[in-house]
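The values are calculated or read from the model by the stated rules, or taken from the named source; none is laboratory data. Small disclaimer: the values here were computed from a predicted structure and weren't measured. A quick note on method: Cβ atoms are made from the backbone with ideal geometry, for glycine too, and the neighbour counts reach across all protein chains shown.
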């Protein structure tokens with residue numbers, strides 16, 4: 001974008017020590033939209049002052065965030081909440097220039113390897129053993145405890161890149177693959193955990209409230225390990241929480257992405273990054 005006199009005047013005021021002046025300048029710059037980002041990037045490269053650079057970075061982030069908010073709004077009101085698209089939108093919060101095509105290609109490569117091993121005569125457990133074996137053993141996916149000091153471990157493209165994630169990012173990858181392969185795996189809302197469940201036919205019937213009886217078994221997305229109803233009962237005893245039916249209700253894709261955004265927000269607790277926590281919380285509220 002060509003730099004006109006008004007933009008030059010606004011750029012000259014970015015380093016103004018008066019926060020009120022900077023606030024007004026920011027609003028005017030953001031009103032230009034993403035078209036002004038290359039100008040801001042050039043200004044950042046030619047500005048030696050670190051504080052001014054931080055302000056420029058914040059302006060660029062605000063411009064990307066405005067578009068991302070609209071993308072999430074559109075995704076939220078769409079008829080079909082594609083899980084892969086929702087997860088990639090979350091990635092764009094930190095990596096606005098992320099390539100979505102490389103993510104799609106990588107997931108398709110894993111899906112094809114699993115699909116080649118599947119057939120119509122497999123039991124639910126055999127299906128999951130194939131999916132798990134290829135994803136965790138052959139592909140090499142690793143998982144660990146949720147670490148809020150590692151924001152990249154919440155992001156789908158980084159999980160694919162490093163082959164390491166946490167319960168949520170691994171779980172979302174698992175859910176995406178299961179959906180592509182028509183394997184009935186869903187996330188469920190067990191407290192303090194992101195757990196997957198292999199659901200029997202009819203699990204989504206609105207008249208059915210006995211959700212637990214519609215689950216064949218459970219899957220820990222950190223490692224792909226399968227566990228039983230008795231294992232889950234033991235967990236509830238250990239945390240002294242009664243296992244109410246809603247904990248076993250399958251979560252829709254919109255709810256899964258909301259959980260991702262809420263947990264991802266916990267990575268940004270410092271005063272300097274508090275605005276990111278607020279923005280992610282606002283995005284999550286859009287999915288209520």
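Among the numbered criteria (1) modelled with pLDDT of 95 or more; (2) surrounded by fewer than 20 Cβ atoms within 10 Å (Cβ to Cβ); (3) over 22 Å from residue 258 (Cα atoms), which one does residue 141 miss?
(2)
Under 17 Å from residue 154 (Cα atoms), assigned by TED's automatic domain parsing to the domain that holds residue 258 and modelled with pLDDT of 95 or more, is that true of residue 95?
So residue 95 fits the description; yes.
If a residue counts only when it is more than 19 Å from the chain's Cα centre (by Cα), which strands (runs of 3 or more DSSP E) contained entirely in region 153-241 have at least 2 such residues?
Passing ranges, in order: 195-199, 215-220, 225-227.
Please state which one of 124, 151 is within 27 Å of residue 201 (Cβ to Cβ), assigned by TED's automatic domain parsing to the domain that holds residue 263 and surrounded by 15 or more Cβ atoms within 10 Å (Cβ to Cβ).
Every option except 124 fails the conditions.
Which one of 256, 241 is surrounded by 18 or more Cβ atoms within 10 Å (Cβ to Cβ), touching a helix residue (DSSP H, G or I) at 6+ places or on another chain (Cβ under 9 Å) and either closer than 22 Å to residue 135 by Cα or assigned by TED's automatic domain parsing to the domain that holds residue 195 (or both)?
After ruling out the rest, the residue left standing is 256.
Considering 276, 266, 249, 233, which residue is in contact with a helix residue (DSSP H, G or I) (Cβ under 7 Å, 6 or more places away or on another chain), surrounded by 12 or more Cβ atoms within 10 Å (Cβ to Cβ) and either more than 28 Å from residue 177 (Cβ to Cβ) or not assigned by TED's automatic domain parsing to the domain that holds residue 66 (or both)?
249 is the lone residue from the list that is in contact with a helix residue (DSSP H, G or I) (Cβ under 7 Å, 6 or more places away or on another chain), surrounded by 12 or more Cβ atoms within 10 Å (Cβ to Cβ) and either more than 28 Å from residue 177 (Cβ to Cβ) or not assigned by TED's automatic domain parsing to the domain that holds residue 66 (or both).
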